[in-house]
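Q: Dropping the structure in here first, questions after.
The values are calculated or read from the model by the stated rules, or taken from the named source; none is laboratory data. Because the structure is a prediction, the values reported are computed rather than measured. All Cβ positions, glycine included, derive from the backbone under ideal geometry; neighbour counts span all protein chains shown. Note: areas computed on protein heavy atoms with side chains; ligands, DNA, RNA excluded. Shrake-Rupley method; radii C 1.70, N 1.55, O 1.52, S 1.80 Å.
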Amino acid sequence: MSIKTPRLTRDRCGVYYFRLVVPLALRKDVGKTEYRRSLRTKDASIARQRALALCVAVEGFMAGPKISDFSHLFDDDSRVGKLMTIDFERGVFHADTPEEGRTMAEIVATIAASRRAGLNQVAAVLPSSQSRTNLETAKEMYLKERTATLKPATMNKQRGVLKSFIEFTGNVDVAMVTAQVVNDYKQKKLEDGLEATTINDQMSILKGLFAYCISNKIVRMENPAEGVNIVGAQNQAESYSIFTQAELEKIFEPVFYRKHMDTPDFYWGPLVALFTGARAEEIASLDLKQIRVEKNVAIMDILDGKTVNAVRKVPLHNSLLELGFLDYVQSMREAGYTKLFPHLIDGKNGYKKNMCRMFGAYLDKPEVNIVDPLKVFHSLRHTVVTKLTDALVNDGLKRALVGHDVDTKMSAHDDYIDITALTIPNLQLAINRINYEGLDLAGLKREPGDFLVIVAKRISQREKRSSRELAGGTSGSEKAT
């Protein structure tokens, strides 16, 4: 025989609720007739467990004084207490004599104060069934704040994930999102064929949204995305492999490289990454003014990036100077350009998209044949960090050169290192310790003006394409009219 769980109800949709009726005598002061909170489940056994746990808390808070606790007010006449009626639940109070009435008023006031305090504590522990903020509103508030710290490409990624989640759940109140809802979304993404690492990235974004809502007091709840991920799926950004010396020799074989890497971003992008460890977007988005000389050292001044520590000054490796990188920069300046790669467009994923895609296609060519999915453009960055370590460059200089965040500490001393105080001459000495024996750098060299015609042609093609698209849109509009 089942025992009925106190204060447990269910709505017509099958969701269980915890319902606490406020005693009649307190409703005017409390301003409520009941407290009703969703238990966020349709499972009866789970609902009973949650309701019973809340009942224990409620009884503890509501356990105030009883009429028997005031026997000292009744003198020796035990009949006084028996003739007095105090029923808080129904709001019934009765006393036979004025003396009993005064005693009863004192007792009622004491019990009422205790019960009100208990109800306030009850309201604090009950789960909130609504935050009065829906997911769409919370999303916009969260993204507005994150705009100050995230790159546009990362913002677009977060916006897309949150949009997908809201389409799945509906624009419900933030408080109604449970761990089960997030888990159902995760299962849907698995069914859609997304990779485990991609799904975990999405779970991390959802976790960030709800952490924002909780910390900003939008809702009082446990983070429903906490721990809801695919166990064992490594973060892909941390799992890239380095290129071996033999692989580098195949990648940068002069004749083949010069033939296929025939635009300035395809040609210079991998070489700059190979000798600086810079990220693809940091390279692809460079302005010419960021390539300059400071303290007689040619540097790449990275002014923006993925993390706070991405802002840094990276001396140009001697090999880049020997390849004529500064001559290329000067040729672009003299041609009136302001960007290092002026033919690139800042797209949804930044400037880097085509450069990284071309590099991947280049690796797949039979002559190179590097098909390991963990060996991509970003592997050049891993290769640089490995080379710096092998050359005994200390952790502080490494972090300053590659722009690692404090969260990716290389040693326990990182908290004590101010990378802005590290001198450019010492950074130059450190970067020049990178050595790739066996690479035919002399064979890779091109003339400074080789790319001017190509850049002008690409820009012209882009402008013509834009004009055609604009004209097509205009004619379509006129046709509709």
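Q: As a test question: what accessible area, to the nearest 10 Å², does residue 203 have when a 1.4 Å probe is rolled over all protein chains in place?
A: 10 Å²
Q: Using a simple spin-label model with points 7 Å from Cα along the Cα→Cβ vector, what separation in nm is obtained for residue 187 and residue 334?
A: 6.7 nm
Q: Right, another one. Beyond 19 Å between alpha-carbons counts as too far, so tell me which of 139/207; 4/42; 313/398; 157/207; 151/398 fall in that bin.
A: The answer is 151/398.
Q: Sticking with this structure for a sec: Calculated FRET efficiency, residue 109 and residue 21, Cβ-Cβ r, R0 30 Å, to nearest 0.05?
A: The computed FRET efficiency comes out at 0.85.
Q: For region 126-274, what is the accessible area per residue in Å², given a 1.4 Å probe and the full set of protein chains?
A: Details: 7200 Å² over 149 residues.
On a per-residue basis, region 126-274 sits at 48 Å².
Q: Order 142-151, 462-471, 252-261 from most to least packed using the mean count of other Cβ atoms within 10 Å. Can you show the working numbers first?
A: On the way: 142-151: 13.3, 462-471: 10.4, 252-261: 16.5.
Averaged packing, sorted descending, gives the order 252-261, 142-151, 462-471.
Q: Another question, if that's okay. Put a dot 7 Å past each Cα toward the Cβ at residue 134 and residue 297; how far apart are the dots in nm?
A: In this crude label model, residue 297 to residue 134 measures out at 5.6 nm.
Q: Here's a follow-up. Holding the Cα-Cα limit at 21 Å, pick out from 144/217; 348/445; 250/375 the pairs that are longer than that. Show your work: numbers first, answer last.
A: Values: 144/217 17 Å; 348/445 33 Å; 250/375 14 Å.
Beyond 21 Å: 348/445.
Q: Kindly state, to the nearest 0.05, the FRET efficiency for residue 256 paired with residue 461, given R0 = 30 Å and r defined as their beta-carbon distance. Could the numbers behind the result be given before it?
A: Details: r = 25 Å, r/R0 = 0.85.
With a Förster radius of 30 Å, E is 0.75.
Q: With θ set to phi - 60°, apply the Karplus curve 6.51 cos²θ - 1.76 cosθ + 1.60 along region 243-259 and write out the HN-Hα couplings as whole Hz, x wherever there is a Gly or Pro.
A: Result, ordered by residue: 8, 6, 4, 5, 5, 4, 5, 6, 4, 9, 5, x, 5, 5, 5, 5, 5 Hz.
Q: Taking 7 Å along the Cα-to-C-beta vector as the label spot, tell me the residue 141-residue 245 distance in nanometres, rounded to one decimal.
A: 5.8 nm
Q: Sticking with this structure for a sec: Amide H to amide H under 5 Å from residue 300: which residues, 5+ apart in sequence or cross-chain, H placed 1.01 Å off N in plane?
A: Amide H to amide H, under 5 Å and 5 or more residues apart or across chains, residue 300 pairs with 314, 316.
Q: With θ taken as phi - 60° and the coefficients 6.51, -1.76 and 1.60, list the Karplus ³J(HN,Hα) couplings across region 133-146 in order, rounded to whole Hz; mark glycine and proline as x.
A: Couplings: 10, 8, 4, 4, 5, 4, 4, 5, 5, 5, 5, 4, 6, 6 Hz.
Q: Want the number for residue 369 to residue 230: 0.36 nm per residue separation, take away the alpha-carbon distance, what's left? List each step's numbers first, then the result.
A: Values: separation 139, 0.36 × 139 = 50.04 nm, distance 3.15 nm.
Full extension of this stretch gives 46.9 nm more.
Q: Further question: Taking θ as phi - 60°, what are the ³J(HN,Hα) couplings along region 175-184 by the Karplus curve (6.51, -1.76, 1.60), each to the nearest whole Hz, with x for Gly and Pro?
A: 5, 8, 7, 10, 4, 5, 4, 5, 5, 4
Q: Now, a different point. If you roll a 1.4 angstrom probe over the protein chains with everything in place, what fraction of the accessible area of region 298-362 belongs to carbon and sulfur, to the nearest %?
A: On the way: 1470 of 2960 Å².
Here carbon and sulfur together make up 50 percent of the probe-accessible area.
Q: Sticking with this one: Averaged per residue, what accessible surface does region 291-383 expose to a 1.4 Å probe, in Å²?
A: Counting only protein heavy atoms, the per-residue value for region 291-383 is 48 Å².
Q: If you don't mind, another one. Please give the residues of region 149-163, grouped as numeric ranges, whose backbone N is less than 20 Å from a label point set 7 Å along the Cα-to-Cβ vector of residue 346.
A: Zone members listed by number: 149-160.
Q: How many percent of the accessible area of region 165-237 is carbon or sulfur, using a 1.4 Å probe? Present the calculation step by step, with values, prior to reporting the outcome.
A: On the way: 1770 of 3710 Å².
Its accessible area is 48 percent carbon and sulfur atoms.
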